[in-house]
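Some notes on the structure that comes next.
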Amino acid sequence: MSIKTKNKLNAAALVSGKGHQDENFPVASFLINPEYRPIIMAFYQFARQADDVADNVIASKKDRLAILEDMRSSLTGESQSEPNAVVLRQTLITHGLDYTIVHGLDLLEAFRRDVSVNRYENWDALMDYCRYSASPVGRFVLDVHKESRNLWPMNDALCTALQVINHLQDCGKDYRMMNRIYIPSDIMEAVGATAGDLGRFHASLPLRQAIETAALKTKSLLKRSSGFSAAIHDKRLGVEVAVIQRLAESLTECLTKHDPLSERVHHNKAETLGLAFVAAAGRLFS
């Protein structure tokens with residue numbers, strides 16, 4: 001079904017209303033140097049809008065792919081049709097960061113896949129998706145801070161872990177609303193879990209086993225990123241990464257013990273502040 005309008009459909013028509021404060025992990029928090037926050041927020045607004053387009057359940061596949069293409073051409077300067085993409089491009093040029101446009105283009109590849117792909121055969125296929133959906137975010141932030149690209153492997157491990165955590169937290173909602181399953185098919189099949197299990201209000205035993213398997217693989221990613229914070233030169237960014245690492249470790253542990261279809265697998269404000277304080281103190285005084 002296409003949304004019919006007098007004018008061509010654009011990204012602004014598909015906004016979800018979700019903002020940076022609604023995300024599971026900090027986005028350009030007060031820990032980040034104020035000099036860099038506007039740049040990161042321009043990137044976030046671009047990514048948030050593209051995500052809204054990809055996840056819209058009313059617009060047609062054709063419409064959504066067309067809007068994502070408009071965002072791509074606006075980011076590269078071929079057009080001026082999508083304001084958030086134009087703002088990001090101009091922001092990057094102003095700060096001498098135009099070479100980082102590639103990270104936005106990578107994200108758009110992930111969102112195109114979200115429109116067209118709703119199953120992942122195995123863990124490697126999911127990791128390839130995360131290479132475009134998650135890693136570019138951290139890579140962009142590192143480039144903004146002029147950090148070494150030698151940090152990319154640890155960045156990619158952490159960003160991918162965050163993405164998988166989000167997939168597991170929202171596995172029921174993603175299936176019910178968009179018929180999208182990010183838990184790899186071979187993991188589901190190995191324990192006898194089915195797509196229909198995701199439509200229930202309580203996870204079946206096989207689905208719990210599949211979620212635990214994915215969570216344990218996520219723990220391995222977090223082990224690979226454990227030295228990331230300490231390796232970052234910018235202390236403020238290092239503290240933020242330490243906080244994110246600790247929150248991710250806690251959520252992953254939670255997912256091995258609780259059912260995301262029927263139980264809370266998100267931190268409340270008090271839990272987040274407590275974990276963040278301990279992680280930040282550890283990074284500052286290490």
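Here is how the numbers come out for the structure above:
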read-out: Residue among Ala157, Ala50 that is touching a Lys or Arg at 6+ places or on another chain (Cβ under 8 Å) and modelled with pLDDT of 95 or more; value: Ala157
read-out: The stretch 200-232, residues that are under 25 Å from Tyr175 (Cα atoms) and open to solvent by less than 60 Å² (accessible area, probe 1.4 Å); value: Ala203, Ser204, Pro206, Leu207, Arg208, Ala210, Ile211, Thr213, Ala214, Ala215, Thr218, Leu221
read-out: Any hit, the stretch 233-254, residues being within 30 Å of Arg149 (Cβ to Cβ), in contact with a Ser or Thr (Cβ under 9 Å, 6 or more places away or on another chain) and not in a helix (DSSP H, G or I); value: yes
read-out: The stretch 206-228 residues that are within 15 Å of Leu247 (Cα to Cα), paired with ones that are open to solvent by 60 Å² or more (accessible area, probe 1.4 Å) and in a helix (DSSP H, G or I) (beta carbon under 9 Å, 6 or more apart); value: Ala215/Glu253; Lys219/Glu249; Lys219/Glu253; Leu222/Glu249; Ser225/Pro153; Ser226/Glu249
read-out: Out of Asn166, Asn118, sole residue that is open to solvent by 10 Å² or more (accessible area, probe 1.4 Å), closer than 30 Å to Glu189 by Cβ and either in a loop (DSSP other than H, G, I, E, B) or touching a strand residue (DSSP E or B) at 6+ places or on another chain (Cβ under 6 Å) (or both); value: Asn118
read-out: Gly96 being part of a loop (DSSP other than H, G, I, E, B) and at pLDDT 95 or above; value: yes
read-out: Filter result for the condition that a residue is on the phi < 0 side of the Ramachandran plot, free of Cβ contacts under 8 Å to residues at least 40 places away in the same chain and over 16 Å from the mean Cα position of the chain (by Cα), over Arg149, Arg200, Arg139; value: Arg149
read-out: Residue in the stretch 176-198 that is closer than 23 Å to Arg72 by Cα and of a type in the set (Lys, Arg) present; value: no
read-out: Residue check for Ser135: surrounded by fewer than 18 Cβ atoms within 10 Å (Cβ to Cβ) and among the polar types (S, T, N, Q); value: no
read-out: Selection status of Ser226, out of contact with any Phe, Trp or Tyr (no Cβ under 8 Å at 6 or more places or on another chain), assigned to a helix (DSSP H, G or I) and within 30 Å of Val141 (Cβ to Cβ); value: no
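The values are calculated or read from the model by the stated rules, or taken from the named source; none is laboratory data. These figures come from a predicted structure and were not determined experimentally. Positions of Cβ are backbone-derived with ideal geometry, glycine not excepted, and every protein chain shown enters the neighbour counts. These accessible areas exclude ligands, DNA and RNA; they are computed on the full protein's heavy atoms, side chains included. Shrake-Rupley method; radii C 1.70, N 1.55, O 1.52, S 1.80 Å.
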